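Scroll down for the structure; my scribbles are underneath it.
The values are calculated or read from the model by the stated rules, or taken from the named source; none is laboratory data. The model shown is predicted, which means the values in this text are computed figures rather than measured ones. With ideal geometry, Cβ positions are generated from the backbone for all residues, glycine too; neighbour counts draw on all protein chains shown. Quick note on the areas: whole protein, heavy atoms, side chains included, nothing else; ligands and nucleic acids left out. Shrake-Rupley method; radii C 1.70, N 1.55, O 1.52, S 1.80 Å.
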Amino acid sequence: MASSMRSLFSDHSRYVESFRRFLDNSTEHQCMQEFMDKELPGIIARIGDAKSEIKILSIGGGAGEIDLQILSKVQVQYPGVHINNEVVEPSAEQITKYKELVAKTSNLENIKFAWHKETSSEYQNRIMEKKELQKWDFIHMIQMLYYVEDIPATLKFFHSLLANNAKILIILVSGTSGWDKLWKKYGSRLPRDDLCQYVTSSHLTQMLDNLGIKYECYDLLSTMDITDCFIDGNENGDLLWDFLTETCNFNTTAPPDLKAEIMKDLQEPEFSVKKEGKVLFNNSLSFIVVEA
């Protein structure tokens, strides 16, 4: 029966829907918002010093919600300064949503947007071929390094694009999160997809150390309400199962013993906390700020 399990990424629309359920049931975006409000102003305080234009590169910008939060902080720091914001995003669907969001958002007059429908490695190859490396003042890679084949090479490449006083902000799951435990214990028993790697902040800081790149790391607690996963036949629970295991229709295709084992573990303290009748999975995030 295990052979009927297939990767969630093989069904794009189901992946998009399960990701939407994840955002609806987690504090992922609230956690990022908190970081943008408290920490980001200090981080970007000097990126635009003595510059007539601030160049920002968004790698895997998605539908743009977090990008626009970042841009508003840069605007506050450098009022009236022209901002050139380029977005690299492989999903046409997400780019359309991003453009719609920009169209209905006010106060973006001094920002010029450009979108490139490509992966970060396609972007990297295109730039390398052009041989003219544009320098950037701020690069951010939010929850996207899982989809990169060669992470150290990617880090090295984008680090080489940093201008004076520039920074890279990387957000991904923390090495202390439930994801780390889940992937370590069950990764080999779930359908693997070449498109996705199990990587946490622990792996990433190790890679940066090996490359001799300076960085700072901030950890923020985030949770995902997985209570519905324990209710049989619950549609929301089914989609959250898919997201947790990166498996299409996990609930109906997984071997019963595997499902029972994961179900039991997800209620253990190293994966989740139980609060007011809810099961809250540890979705803690790491915010890694890389210096030029």
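Checking the table Lys184/Lys214; Lys104/Lys131; Lys99/Lys278; Lys156/Lys278; Lys51/Lys214; Lys55/Lys97 against a 30 Å threshold on Cα-Cα, which pairs fail?
Pairs exceeding the cut-off: Lys104/Lys131; Lys99/Lys278; Lys156/Lys278.
Taking loop as defined by DSSP and a crowding limit of 11 other beta carbons within 10 Å, which chymotrypsin sites (Phe, Trp or Tyr not before Pro) in region 130-230 fit?
On the way: sites: Trp136, Phe138, Tyr146, Tyr147, Phe157, Phe158, Trp179, Trp183, Tyr186, Tyr198, Tyr215, Tyr218, Phe230; in loops: Tyr198.
Answer by residue number: there is no such site.
Within region 84-130, list the GluC sites (Glu not before Pro) lying in a DSSP loop whose Cβ has at most 12 other Cβ atoms in a 10 Å radius.
Those satisfying the criteria are Glu109.
Send over a whole-number figure in Å² for the accessible area per residue of the chain, probe 1.4 Å.
Values: 13470 Å² over 292 residues.
Here the residues of the chain average 46 Å² of exposed surface.
What distance in nm lies between label points placed 7 Å from Cα along the C-beta direction at Lys112 and Glu39?
The modelled label-to-label distance comes out at 3.2 nm.
How high is the FRET efficiency between His82 and Lys274 when r is their beta carbon distance and R₀ equals 41 Å, given to the nearest 0.05? Before the final figure, lay out the partial values.
Values: r = 50 Å, r/R0 = 1.23.
It comes to 0.25.
Karplus couplings for region 24-40 from phi (6.51 cos²θ - 1.76 cosθ + 1.60, θ = phi - 60°), rounded to Hz, Gly and Pro as x?
5, 9, 10, 9, 3, 6, 5, 5, 5, 4, 4, 5, 4, 6, 8, 9, 4
Within the accessible area of the chain, what % is carbon and sulfur when the probe is 1.4 Å and the other protein chains stay in place?
50 percent
Excluding the sites themselves, what is the longest stretch of the chain that contains no trypsin sites (Lys or Arg not before Pro) in a DSSP loop with at most 13 other C-beta atoms within 10 Å?
With trypsin sites (Lys or Arg not before Pro) excluded where exposed in loops, the chain gives 1-103 as its longest stretch.
How charged is the neighbourhood of Asn236? Take every other residue with its Cβ under 9 Å from the Cβ of Asn236, and add Lys/Arg as +1 and Asp/Glu as -1.
For residues surrounding Asn236, the net value is -3.
Per residue Cα convex hull volume for the chain, in cubic angstrom?
Per-residue hull volume (Cα only) is 135 Å³.
Taking the Cβ of Val81 as the center, what net charge do the other residues with Cβ under 14 Å away carry, scoring Lys and Arg +1 and Asp and Glu -1? Intermediate values should be presented prior to the final figure.
Details: positive: Arg46, Lys51, Lys55, Lys73, Lys112; negative: Asp49, Glu53, Glu109, Asp137.
Here the count lands on +1.
Remind me, relative contact order of region 1-136 in percent, using alpha carbon pairs under 8 angstrom and six or more residues apart?
RCO, region 1-136: 22 percent.
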